[in-house]
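The values are calculated or read from the model by the stated rules, or taken from the named source; none is laboratory data. Predicted model only: the values in this text are computed from it and were never measured. So basically every Cβ, Gly included, is an ideal-geometry build from the backbone, and we count neighbours across all protein chains shown.
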């Protein structure tokens, strides 16, 4: 529950704030149905679960046993970032690959650290699912699953792509949650450390 309570409300507040800052607020999708919501939610659930079972469940557990927690968490994060080059179809696009690697690698680091600190897959899965659910299902941030519950007023943000506001929004968008989650995890007492 803590993972969901950290990720979902904070991400909603952040994305709403950003949309207002760039003068492109969200509004309800008039064509959205309960069936759309259930299909998209199921997709996000399966996707996050699949990735967490591989990168935090099997791979990270083995790496922690063989290399120790610090190296294992870092390797898991690097592999998570590289995996998203393939899953997001970015191979051959160096700038896109660098952005994807840094952003998903940072998120992968947070998720791996959550696993290492708690000794359980529940926290990283909740953090991962919460972020993806808000971005993909509530705020239609992933074009692969189409428009969801809320859609932007304009197809592109009125703030110009190279403006200071636009650059700050991009930097904050990909770093604010990992920074908060890392702060929480670094000060969390181990309840279920790995044997």
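Just one of (1) under 28 Å from residue 187 (Cβ atoms); (2) outside any helix (DSSP H, G or I) fails for residue 151. It is (1). Restricted to segment 1-86, the set of helices (runs of 4 or more DSSP H) holding at least 1 residues that are in contact with a helix residue (DSSP H, G or I) (Cβ under 6 Å, 6 or more places away or on another chain), surrounded by 14 or more Cβ atoms within 10 Å (Cβ to Cβ) and free of Cβ contacts under 8 Å to residues at least 24 places away in the same chain comprises 60-67.
Among the residues that make up segment 156-164, is at least one of them modelled with pLDDT under 70 and assigned to a helix (DSSP H, G or I)? Yes, segment 156-164 has at least one match.
Of all residues in segment 99-134, those that are at pLDDT below 90 and more than 23 Å from residue 72 (Cα to Cα) total 0.
Listed by first and then second residue, the pairs linking a residue in segment 95-109 that is more than 21 Å from residue 130 (Cα to Cα) to a residue that is at pLDDT 90 or above and assigned to a helix (DSSP H, G or I), with Cβ atoms under 6 Å apart and 6 or more places separating them unless they lie on different chains, are 97/85. For the condition modelled with pLDDT of 90 or more and touching a strand residue (DSSP E or B) at 6+ places or on another chain (Cβ under 6 Å), residue 139 qualifies.
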